[in-house]
Amino acid sequence: MAKFKIKTGDLVQVISGSRDNKGKQGKVLRVIPETSRVVVEGVNVMTRHRKASMQGEAGGIDKVEAPIHVSNVALVDPETNKPTRVGHRTETVERDGRQKTVRVRVSKSTGKDL
């Protein structure tokens, strides 16, 4: 399985794809590492027709976000509100009297923490 630099809850922008979705920004709802796809809120919305059930529940039409490939999205820098690449920086933090190294995600364009 691949490891992604995009996590659930990140704000991303669609950088390639259909003209309906390109340029849209949204929050990542789900990451699917098996197929290298992410589900983004408000992007790639499909209509799903539900059949009525035998218990009397009515059928209908639902709007559902379909997954898109992770290569088609880029993380949005919170300062500039533009897509950016993600880097990592290691920091030493003291917790409970111990030194611990922690990896921090960093914006490549501005160098600020994400």
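The values are calculated or read from the model by the stated rules, or taken from the named source; none is laboratory data. The model shown is predicted, which means the values in this text are computed figures rather than measured ones. Neighbour counts run over all protein chains shown; Cβ positions are idealised from the backbone, glycine included. Surface areas here come from the heavy atoms of the whole protein model, side chains and all, with no ligands, DNA or RNA. Shrake-Rupley method; radii C 1.70, N 1.55, O 1.52, S 1.80 Å.
The single condition among (1) within 15 Å of Lys7 (Cα to Cα); (2) among the charged types (D, E, K, R); (3) surrounded by 12 or more Cβ atoms within 10 Å (Cβ to Cβ) that Lys82 does not satisfy is (1). Highlighted here are the strands (runs of 3 or more DSSP E) found entirely within the stretch 21-114 that include at least 1 residues which are more than 13 Å from Leu11 (Cβ to Cβ): 25-32, 37-40, 45-50, 60-65, 86-95, 98-107.
Quick check: anything in the stretch 85-94 among the polar types (S, T, N, Q) and surrounded by 10 or more Cβ atoms within 10 Å (Cβ to Cβ)? Checking the stretch 85-94: not a single residue is among the polar types (S, T, N, Q) and surrounded by 10 or more Cβ atoms within 10 Å (Cβ to Cβ).
One residue alone among Ala74, Ala58, Ala66 is surrounded by fewer than 11 Cβ atoms within 10 Å (Cβ to Cβ) and aliphatic (A, V, I, L, M), and that residue is Ala58.
Checking each residue in the stretch 3-20 for being in contact (Cβ under 8 Å) with a residue 40 or more places away in the chain, open to solvent by 40 Å² or more (accessible area, probe 1.4 Å) and in a loop (DSSP other than H, G, I, E, B) picks out Lys5, Ile15, Ser16, Gly17.
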